[in-house]
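Structure record follows, encoded as structure tokens.
The values are calculated or read from the model by the stated rules, or taken from the named source; none is laboratory data. These numbers come from a predicted model, not from an experiment. Neighbour counts are summed over all protein chains in view; Cβ atoms, including those assigned to glycine, are modelled from backbone coordinates with ideal geometry. Heads up: the accessible areas ignore ligands, DNA and RNA and are worked out on the full protein's heavy atoms, side chains in. Shrake-Rupley method; radii C 1.70, N 1.55, O 1.52, S 1.80 Å.
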Amino acid sequence: QVQLVESGGGLAQPGGSLRLSCAASGSIFSINYMGWYRQAPGKQRELVAAITSSNNTNYADSVKGRFTISRDNAKNTVYLSMNSLKPEDTAVYYCKAVLATMGSPYDGQYWGQGTQVTVSS
């Protein structure tokens, strides 16, 4: 059983900052990919940022230069530092991990429950 637990969402003013965390727990052998996605009301879920096991990163154009993704392999945790927040960043943010569990030869995809980020004055 694998769980992803997100934290750090909330309300921020335009221009403000928030930091999201996502901790993976369970019978994890290796984590190959972790990413943050978001879904605003009436819109499709979209990739915000992702990081691989070799620390290659990828960002949506809309957040480049403002958001930074990082990971702590010892804690099986990924972070998303969000600066210069805009109202259009308002969404539910989801964590995704692609990982291998103990005793399984296959990677599986796992999602967190989501955390609300609201940017408003």
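Per-structure values
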item	result
All positions within segment 1-28 that are touching a Gly at 6+ places or on another chain (Cβ under 6 Å), under 17 Å from Leu85 (Cβ atoms) and open to solvent by 40 Å² or more (accessible area, probe 1.4 Å)	Arg19
Criterion (over 30 Å from Gly103 (Cβ atoms), within 11 Å of the chain's Cα centre (by Cα) and among the aliphatic types (A, V, I, L, M)) met by exactly one of Leu11, Leu20	Leu20
Complete set of residues in segment 90-114 that are assigned to a loop (DSSP other than H, G, I, E, B) and modelled with pLDDT of 95 or more	Thr90, Gly112, Gln113, Gly114
Some residue of segment 100-113 being closer than 19 Å to Ala12 by Cβ, surrounded by 14 or more Cβ atoms within 10 Å (Cβ to Cβ) and among the charged types (D, E, K, R)	no
Condition check for Tyr59: aromatic (Phe, Trp, Tyr), within 15 Å of the chain's Cα centre (by Cα) and farther than 23 Å from Val2 by Cβ	yes
Matching entry among Thr90, Thr52, Thr77 (being within 20 Å of Glu6 (Cα to Cα), surrounded by fewer than 16 Cβ atoms within 10 Å (Cβ to Cβ) and of a type outside the set (D, E, K, R))	Thr52
Residue match in segment 81-88 (condition: without any contact (Cβ under 8 Å) to a residue 60 or more places away in the chain, of a type in the set (D, E, K, R) and at negative phi)	yes
Pair list, Cβ < 6 Å and 6+ apart or interchain, from segment 102-121 residues that are farther than 18 Å from Ala23 by Cβ and among the β-branched types (Val, Ile, Thr) to residues that are buried (at least 17 other Cβ atoms within 10 Å of the Cβ) and modelled with pLDDT of 95 or more	Thr118/Thr90; Val119/Ala12; Val119/Leu85; Val119/Asp89; Val119/Thr90
